[in-house]
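Since the structure comes first, as structure tokens, the remarks are kept for the end.
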Amino acid sequence: MSATQPPPPDLLTDVREIVAVHSAKGGVGKSTTAANLACAFSRMGMTVGLLDADIHGPSIAHMLGSSASPEMVPGREQVRPLERHGVRYLSLANVAPSDAPIIWRGPMVAGALNQLLEIVDWGGLDLLLVDMPPGTGDAVLGLGQRVALSGVIVVTTPEALSLSDTRRGIQAFGALQVPILGLVENMSAFVCDCGETAAIFGEGGGAATAESVGIPFLGRIPIDPTVVEAGDAGTPICEARPDGTAARAFESAGRAALAQLALHGRAGGGTFDFDWEERRSDSWRGEPPGPPSGAPKEGDPGTPVSVWQVSDDVLGIQWGDGGTTYHRAWELRTACPCAACVDEWTRTKLPSLESVPRDVRPLTIRSVGRYALQPAWSDGHRTGIFTFRELRRGAGVIEP
Ligand code: ADP
């Protein structure tokens, strides 16, 4: 396939959300973040892909544990992605010989990126993360011209240099109106085995930078040697030790990004949008919100087939396997797992959660893609999402 061919009109149409992961410079943990977010999203029940477009130093195949060559799709000039840890992925390392030196100049970068976008048949995804080459953001802007980008996640470290570079990149995206989902501050502090943390590079830089350039702060990821070991062993920490501090931090940042996606992305304004007060008797029934890969799986315990208002403060969900769960407003509100409600590293409840009024109600409940619900609560809380998997596992559940 030549880079000069016009793009196929149906490029990535079976991918619901496309999110670029960007950093101003290399070595800040952009690929590590992309790989861990992908694993965390998969664990939340999403169908996730990860395209390694960091063509200067493709590392995703290594981090996910297989540099195997992809299979061709019969009759087409496309390949199937590889799959590990519930993540479909493809890296240049899977299609180029490993000992070939990879030195690319500007136009070649764009050409290679185009080919990577065209070559993979993802088979229907809720979300595709694209691990971009580090730099000023040109590659992200180029990507945005080829596909409808849902947003960009910017990764940085607390060091001043990387923060000022980050600022420039963010300004470039702003000019071209690519939605920035937020900033992740990686290697933010050292966590020792005793549970104590030490902010080696100073504290709060990422949050302050995000605020000063007017983008959301998604979270801090600690420096943790197990992150390196897990990446080198081919099983990202979110899969290897999902209950550890680093994995929790990645998951929390991922959640924050999904909440932003619900506002900006293509999944926003989902299939249903309950108005709790006004449409008290309304219910939603039928296909789960916009599955990209066809009909919902028959009998799937993690797929809702019906969502309705049982009473003034109870939400009912019927699931694909015939089971039903009931979720009371206060119980659901206080089960909110987002970083404004629970500490992103320890998962202990924050004071804001302890003061939730007993008569809290959802004002609206909207679907996010085909994987989550996002209530807007009467106490002003807006950023929490509950994945279908979490709801099925009992978030806010009461006995009928
Ligand atoms: P980039 O994609 O920005 O070039 P990588 O994801 O390849 O960076 O990470 C660079 C190095 O830093 C890798 O060895 C990786 O394991 C390590 N690393 C990334 N994040 C962390 C972290 N939170 N704690 C410790 N090491 C990390």
Which pairs have Cβ atoms under 6 Å, sit 6 or more apart or on different chains, and link a residue in region 18-30 that is assigned to a strand (DSSP E or B) to one that is at pLDDT 95 or above and within 6 Å of the ligand (Cβ to nearest atom)? Val21/Lys30
Can you run down the residue pairs with Cβ atoms below 8 Å, 6 or more apart or on separate chains, where the first is in region 328-346 and among the charged types (D, E, K, R) and the partner is in a helix (DSSP H, G or I)? Glu344/Arg248; Glu344/Ala249; Glu344/Ser252; Glu344/Ala253
Among residues belonging to region 34-82 that are of a type in the set (Val, Ile, Thr) and touching a strand residue (DSSP E or B) at 6+ places or on another chain (Cβ under 8 Å), point out the one that is most open to solvent (accessible area, probe 1.4 Å). Thr47
Subset tally (residues that are open to solvent by 10 Å² or more (accessible area, probe 1.4 Å) and either out of contact with any helix residue (DSSP H, G or I) (no Cβ under 6 Å at 6 or more places or on another chain) or not aliphatic (A, V, I, L, M) (or both)) for region 15-24: 1
Check off (1) in contact with a Gly (Cβ under 8 Å, 6 or more places away or on another chain); (2) outside any loop (DSSP other than H, G, I, E, B) for Ser188 and give me the number that stays unchecked. (2)
Can you find a residue in region 145-154 that is assigned to a helix (DSSP H, G or I), modelled with pLDDT under 90 and within 16 Å of the ligand (Cβ to nearest atom)? no
By residue number, the members of region 205-223 that are closer than 14 Å to Ser188 by Cα and either away from the ligand (no atom under 16 Å from the Cβ) or assigned to a helix (DSSP H, G or I) (or both) are Gly205, Gly206, Ala207, Ala208, Thr209, Phe217
Let me confirm something: among Asp273, Asp243, which residue is at pLDDT 85 or above, among the charged types (D, E, K, R) and open to solvent by 60 Å² or more (accessible area, probe 1.4 Å)? Asp243
Is it true that Gly27 is at pLDDT 90 or above and either more than 11 Å from the ligand (Cβ to nearest atom) or crowded, with 23+ Cβ neighbours inside 10 Å (or both)? no
Would you kindly identify the strands (runs of 3 or more DSSP E) lying entirely within region 282-374 that contain at least 1 residues that are among the basic types (Lys, Arg) and at pLDDT below 90? 283-285, 362-368
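The values are calculated or read from the model by the stated rules, or taken from the named source; none is laboratory data. Small disclaimer: the values here were computed from a predicted structure and weren't measured. Here the Cβ is made from the backbone with ideal geometry for all residues, glycine too, and neighbour counts use every protein chain on show. Side chains included, ligands, DNA and RNA excluded: accessible areas come from the protein's heavy atoms. Shrake-Rupley method; radii C 1.70, N 1.55, O 1.52, S 1.80 Å.
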